[in-house]
Amino acid sequence: MTFDQPAPGDDDVIELLQRRDGVPTEVVLRDGNTLTVLNIAWGYDIGDEYAHVTTNFSPPAEGIEIDFFCTDTVAAIVDPETGTTLLSAVADPLPAGQAPERRSGRDLSQIERIWQDGRLPIVDGVFFVDGRSYAVDVADSALHVVGQVDLAEDPEWLTSIDITREAPAPGGFVCAGEGSHGSEGFFARLDGDKRLVWVCYLSESNPFDQLALTGNTLTVSSTSGVVITVDLDEPV
């Protein structure tokens, strides 16, 4: 008996982790768990296009756990040193047997698709490409998490945006701008290819028109005098 083995559907995941062999890498799974990965061994069951992966097995590393995952459960792969998202997948689980949509060699999360369409959710919040979404308030020039946001609850509640400021930053760029209503503003971190890493939207800040960087710290100012300072790796 012979079997037609499908082509791998996870080349981007496997190739990225191979390239980073020996370099600490965070693999964020769709269930919210995050694994620290130094090396991988992998294989495909008959009929499967996604691999089962064993981490940190050859060679083992003191203090680093051996873990197991399937590549179709990966939500994002992150460089923990810089906070840069190296690969992002669709955040919501897919029906069994359905492969995620792929564009430009990797998968796009919901916020990335919205961003690429020149829009943002009308929710005061910070949205990461790995699927994390937090509602925020501004107090003492800082962002404070007040809850989580489910972008799937109201996917059409969006505003159009325009980037009006951009500046180089460690590992990429930062940018800021305005929404379609005069009271709206946003600022964001981008990677070296100007792909979104995270974005903060505020409905009553007015447009952000000033960006100031000191090392890994970003301070943004709006036309109404709202000033916010964040760490580029951990804005909330």
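Quick rundown of the values:
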quantity	calculated
Surface accessible to a 1.4 Å probe, per residue, for the residues of segment 128-236, Å²	47
Relative contact order (%) - criterion: Cα under 8 Å, at least six apart; region: segment 131-211	21
For peptides 118-130, 17-29, 182-194, sequence by mean Cβ density within 10 Å, most packed first	118-130, 182-194, 17-29
Hz values of 3J(HN,Hα) by residue in segment 115-123 - Karplus curve (6.51, -1.76, 1.60), Gly and Pro given as x	4, 5, 7, x, 9, 9, x, 7, 9
Of all accessible heavy-atom area on the chain, the percent that carbon and sulfur account for (1.4 Å)	48
Relative pair counts by distance (%), Cα atoms of segment 121-235, 5 Å bins	2, 12, 24, 27, 22, 10, 2, 0
Tail fraction, Cα-Cα pairs, the chain, threshold 31 Å, whole percent	28
Computed [θ] at 222 nm, deg cm²/dmol, the chain (DSSP H ≥ 4; -39,500 (n - 2.57); rounded to nearest 500)	-2000 deg cm²/dmol
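The values are calculated or read from the model by the stated rules, or taken from the named source; none is laboratory data. These numbers come from a predicted model, not from an experiment. Quick reminder, even Gly has a Cβ in these numbers, built from the backbone with ideal geometry, and neighbours come from all protein chains shown. Just so you know, the surface numbers come from the protein's heavy atoms only, side chains and all, with ligands and any DNA or RNA stripped out. Shrake-Rupley method; radii C 1.70, N 1.55, O 1.52, S 1.80 Å.
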